[in-house]
Each structure stands twice: as structure tokens, then as C-alpha cells.
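*Asks:* After the C-alpha cells below, expect a handful of questions from me.
The values are calculated or read from the model by the stated rules, or taken from the named source; none is laboratory data. In this text the structure is predicted, and so the values were computed from the model without any measurement. In this analysis, Cβ positions are derived from the backbone assuming ideal geometry, glycine residues included, and neighbour counts consider all displayed protein chains. These area figures cover heavy atoms from the full protein model, side chains too; ligands, DNA and RNA do not enter into them. Shrake-Rupley method; radii C 1.70, N 1.55, O 1.52, S 1.80 Å.
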Amino acid sequence: MEVDEGALGYADQFTARPVALAVSALKLRAGPLQLDQRARAVPVELSAAIAAGKATPGKLSLRGQLALEPLVLQADLDLQ
């Protein structure tokens with residue numbers, strides 16, 4: 001599974017201080033995923049820029065292994 005240059009937005013207006021996040025430059029690589037071998041761990045990589053309001057976007061990157069059953073993620077996470 002691959003995603004390149006993805007983007008999404010999230011807003012929560014029901015908290016005391018409303019929150020809005022914008023995710024850009026979303027890149028995801030996982031697999032190869034095989035539904036008949038859900039317990040087998042596969043490589044996963046994720047990176048994105050995350051912004052809230054007018055602040056400079058932060059960066060997220062994750063690299064590791066993902067198994068679907070049971071759902072297990074072992075990864076290194078870097079937040080800047």
C-alpha cells in the first residue's frame with residue numbers, strides 16, 4: 001500500500017479550545033500486505049507535515065514493522 005503527497009484536515013469544535021490540524025506531504029508505504037497472513041509483520045514507513053493554526057508545520061516520521069492480527073506496531077518515531 002502506498003500514498004504519496006496525501007493531505008487531510010481535522011477539526012474538533014466541541015472542546016473548550018477548538019482544535020484544527022492540517023496534514024500535508026503525507027507519505028505512507030506499507031507491505032506487501034497479505035490478508036491471509038495477517039500475523040506476519042511487514043515494513044511500514046510514514047512521514048508528514050502537521051500544522052495547527054498559523055504556526056510553522058512540524059514533521060513526523062515513523063519507520064518500523066506492522067502486523068494486523070493482533071494489531072502490533074513496533075517502530076521508531078521522530079517528531080520535530
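*Asks:* Net charge near Val3: determine it from the other residues with C-beta under 9 Å of the C-beta of Val3, scoring Lys and Arg +1 and Asp and Glu -1. The partial results should precede the final answer.
*Replies:* Numbers: positive: Lys27, Arg29; negative: Glu2, Asp4, Glu5.
Its environment carries a net charge of -1.
*Asks:* Moving to a separate point now. Please report, as a whole percent, how much of the solvent-accessible surface of the chain comes from carbon and sulfur atoms (probe radius 1.4 Å). Before the final figure, lay out each step's value.
*Replies:* On the way: 3580 of 6150 Å².
The value for the chain is 58 percent carbon and sulfur by accessible area.
*Asks:* While we're on this one: Once the dipole of the chain is set up with Lys and Arg at +1 and Asp and Glu at -1 on Cβ about the Cα centre, which of Ile50, Met1, Pro70 lies farthest towards its positive end?
*Replies:* Selected residue: Ile50.
*Asks:* What translational D, rounded to a whole number of µm²/s, comes out for the chain from Stokes-Einstein when the hydrodynamic radius is the Kirkwood one over Cα pairs, at 37 °C and 0.692 mPa s?
*Replies:* Working: Rh = 14.2 Å.
For the chosen part, D equals 232 µm²/s.
*Asks:* Taking the Cα centre of the chain as the origin, how large is its charge dipole in debye, to the nearest 20, when only Lys and Arg (+1) and Asp and Glu (-1) carry charge on their Cβ atoms?
*Replies:* On the way: 8 positive and 9 negative charges, 44 e Å.
Around 220 debye, computed over the chain.
*Asks:* While we're here: If you count only protein heavy atoms with a 1.4 Å probe, what accessible area per residue comes out for the chain, rounded to a whole Å²? Can you show the working numbers first?
*Replies:* Values: 6150 Å² over 80 residues.
Ligands and nucleic acids excluded, the result is 77 Å² per residue.
*Asks:* Quote the FRET efficiency, to the nearest 0.05, computed for Gln37 versus Ala16 with a Förster distance R0 of 41 Å and r equal to the Cβ-Cβ distance. Intermediate results must be reported in sequence, preceding the final value.
*Replies:* Values: r = 45 Å, r/R0 = 1.10.
E(calc), rounded to 0.05, equals 0.35.
*Asks:* Another question about this same structure. Could you sort 29-42, 55-68, 9-22 so that the peptide with the highest average Cβ count within 10 Å comes first and the rest follow in order? Present the calculation step by step, with values, prior to reporting the outcome.
*Replies:* Details: 29-42: 11.6, 55-68: 14.0, 9-22: 9.5.
Going by the mean number of other Cβ atoms within 10 Å, highest first, we get 55-68, 29-42, 9-22.
*Asks:* Multiplying the sequence separation of Ala49 and Leu77 by 0.36 nm and subtracting their Cα-Cα distance, what value in nm do you get? Mind dumping the intermediate values first?
*Replies:* Numbers: separation 28, 0.36 × 28 = 10.08 nm, distance 1.37 nm.
Fully extending the segment from Ala49 to Leu77 adds 8.7 nm.
*Asks:* Around Leu46, what is the net charge, scoring Lys/Arg as +1 and Asp/Glu as -1 over all other residues with Cβ under 10 Å from its Cβ? Walk me through the numbers on the way to the answer.
*Replies:* Details: positive: Lys27, Arg29, Arg63; negative: Glu45.
Residues near Leu46 contribute +2 overall.
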